[in-house]
Amino acid sequence: MTVVSGEDRLRELLNRRIAQARQATPAGIPRRADDGPWRLSPVQRRMWLASEMERDSPAYSVPVALRLRGELDVAALRRAVVDLAERHEVLRSTVEVRDGEPYAVTGEADRIDVAVEEVAPEALPSRVAELARVPFRLAEEYPLRATLLAAGPGEHVLLLLMHHVAIDAWAQPLLLGDLAALYRHRLGSGPALDPPATRYSDVAAWATARASSPEAERALDWWEDRLAGLEPVPGLLPDRASPPGAAWRAGVVDVPLAPETVARLRALAAESGATVFMVLLAALQATVARVSGGSEASAEVTVGVPESGRRHPDTESLVGCLVETLVVRGTVDGARTGRELVGQARSAALDVFGHADVPFDRVVERVRPPRSGTAAPLFDVLLNVYDAPGEVAGFPGLTAEPFEVPPFAAKFDQAWAFVEDGGALRGELTYRSDLYEPDTAARLAGWFGALLAQFVADPDRPVGELELEPGADPALAEPAPPALGAATLHGRISAQAARTPSATAVVAADGTLTYAELDARANGLAGRLRDAGVARGDRVALLMERTRDLPVALLAVLKTGAAYLPIDDAAPRTGSPPWWPAAGCVSRSARPNWRIACPRASSRSSPATTSRTRPRKAETARISPT
């Protein structure tokens, strides 16, 4: 009897779907009738528009750096870079707007200038980072800049900085392979390269036509149904509100992955007929649901995933940007097991990859999600799993290896990247540093690592039982006083209200509140409290049942700068407790359905018409429902 593994079954299913997709494609991508300007492809148009909206941001710059050790022919390398731009028109094109639409206009490759600089070896990382942070002006310059940094005899770093409109991750090894072949030819040790069989402009025209085809419309119908009523949980609340406009500065933290966790992850993937990506997706969805505040209740989570966009055979060896973005929607219930979530993630991933042949911006246009302060529509969290870069070869007399450029810009609130390197798996979290402190991001990465370890060690355990900080002391401890300017709880709630106003924030027996409703009601009550004299440093006692008004009151007190003191709801609802007279309070009305007792108030009346001495720091104001 032949036993077919889960991976074999999955591979067979994927191959079948790919074959079906390719049967629907034309035999070849047609060549454009002319060599003039071309309308940007849907992917290029999205990248161009995003960078135009944030002209001072390098978020869409892609650095590709090579460390070259040995005897380098600088003149031959410089000519090879120019030959590279001549070979690939997308690298020597500016963007011009015609009748409201962006077009690529090709120019002469000789305009590419490979600058040569001498740099101390220890200054290489900082100089590469400095060069990479200079944003492109695509109307004025090509999307390729080349700089050769000489760090001493036999020690160079070549930086090819490109705009995302001209390159994606798939194309990078293709680009370096061409550069090596062109360098060999310039040295006289290799043949000239034949012209590419397919030009990027041909693919751009083909992709633009397909974006409005009947097949694309059917795919859009599927996406509209798939994402209908989308209101995902907000995930981890930021440490501070997003500044006006999208910020781009990034921070990076490693994701802890023990070897035994990686081994168990691979075993679970094989048992489930899934892939490493699918298990990581399930664990990430569970983590996002948990940090949003729920562990047992059902939570809806969306995660963005990149897709190569190279479903036509003619595009597999093309240098240029074709990458698309897909949205995986999932529901996390704390009562479900890890194995069940992996199965759900597997089905969801296969579905979305089966409907990937439609531009992301058209999906956004069709779904029309409510926009918020987040960096991207439809999702805040991106997951990417990819193979480690292969060996760079083909440079005679040189040892070439990638020169790592740490992420310096963030296009998403959180981007989780996992690199498969043989049997090893490395992970890192890139985050928007305008939203999250480094300690917060490190803790989030640790939570994911801890949850994943338990997830794969006992996949039949309900995910709601998994601990984010195993072994942590559960005892309550007084928090350290906040530093001046540090993020506050009520500030984070306000920030989340701006990001996801229609998301559910409060669920109680008497109803629910969205983030927008919660924040608006808390602001109103805070104003009443200030009118009543409550100020920073005061204490406000709360005697309330656990209704949806309770978090409104808590946030309102915090917004005034005061502290709240919970009172046992078994305490008398009329009169004052034995210790209350010492505070010198009498009742007064702040808003309908509320009664406020404040120290040193001499009459019962509206706070708008009563003058009073504001409570001293040691005194207490009391709020209770009537």
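The values are calculated or read from the model by the stated rules, or taken from the named source; none is laboratory data. Keep in mind that this is a model prediction, so the values were computed, not measured. Here the Cβ positions follow ideal geometry from the backbone for every residue, glycine too, while neighbour counts run over all protein chains shown. These accessible areas exclude ligands, DNA and RNA; they are computed on the full protein's heavy atoms, side chains included. Shrake-Rupley method; radii C 1.70, N 1.55, O 1.52, S 1.80 Å.
Determine, yes or no, whether GLY343 is surrounded by fewer than 19 Cβ atoms within 10 Å (Cβ to Cβ) and of a type in the set (Gly, Ala, Ser). For GLY343, the condition - surrounded by fewer than 19 Cβ atoms within 10 Å (Cβ to Cβ) and of a type in the set (Gly, Ala, Ser) - is met. Within region 448-464, if we keep just the residues that are touching a Ser or Thr at 6+ places or on another chain (Cβ under 8 Å), surrounded by 18 or more Cβ atoms within 10 Å (Cβ to Cβ) and modelled with pLDDT of 95 or more, the residue that is farthest from ASP254 (Cα to Cα) turns out to be PRO459. The residue list ALA228, ALA205, ALA197 contains one member that is touching a Ser or Thr at 6+ places or on another chain (Cβ under 9 Å) and in a loop (DSSP other than H, G, I, E, B), which is ALA197. A single member of THR337, THR315, THR399 is polar (S, T, N, Q), under 20 Å from SER41 (Cα atoms) and in contact (Cβ under 8 Å) with a residue 24 or more places away in the chain, and it is THR315.
Can you go through ALA171, ALA197, ALA166 and tell me which one is small (Gly, Ala, Ser), in contact (Cβ under 8 Å) with a residue 40 or more places away in the chain, crowded, with 22+ Cβ neighbours inside 10 Å and in contact with a helix residue (DSSP H, G or I) (Cβ under 8 Å, 6 or more places away or on another chain)?
None of the others qualify; the one that does is ALA166.
Answer with yes or no whether LEU518 is open to solvent by less than 40 Å² (accessible area, probe 1.4 Å) and farther than 21 Å from GLU231 by Cα. Considered against the rule, which asks whether it is open to solvent by less than 40 Å² (accessible area, probe 1.4 Å) and farther than 21 Å from GLU231 by Cα, LEU518 comes out as no.
Is it fair to say LEU398 is at pLDDT 90 or above and buried (at least 17 other Cβ atoms within 10 Å of the Cβ)?
Yes.
Open to solvent by 40 Å² or more (accessible area, probe 1.4 Å), more than 16 Å from the chain's Cα centre (by Cα) and of a type in the set (Val, Ile, Thr) - does that describe any residue in region 260-272? No, there is no match, as no residue in region 260-272 is open to solvent by 40 Å² or more (accessible area, probe 1.4 Å), more than 16 Å from the chain's Cα centre (by Cα) and of a type in the set (Val, Ile, Thr). Taken over region 410-423, the criterion of being farther than 18 Å from THR325 by Cα and either open to solvent by less than 50 Å² (accessible area, probe 1.4 Å) or under 14 Å from the mean Cα position of the chain (by Cα) (or both) is satisfied by VAL419, GLU420.
Scan region 233-253 for residues that are at pLDDT 70 or above, buried (at least 19 other Cβ atoms within 10 Å of the Cβ) and in contact with a Ser or Thr (Cβ under 8 Å, 6 or more places away or on another chain) and the total you get is 6. Summed over region 104-124, the residues that are of a type in the set (Val, Ile, Thr) and either more than 23 Å from MET47 (Cβ to Cβ) or exposed (fewer than 12 other Cβ atoms within 10 Å of the Cβ) (or both) give a count of 3. Exactly one residue out of THR302, THR325, THR275 is open to solvent by 20 Å² or more (accessible area, probe 1.4 Å), among the hydroxyl-bearing types (Ser, Thr, Tyr), under 30 Å from PRO406 (Cβ atoms) and modelled with pLDDT under 95: that is THR325.
In region 49-103, the residue that is farthest from LEU148 (Cα to Cα) out of those that are small (Gly, Ala, Ser), assigned to a helix (DSSP H, G or I) and open to solvent by 20 Å² or more (accessible area, probe 1.4 Å) is ALA50.
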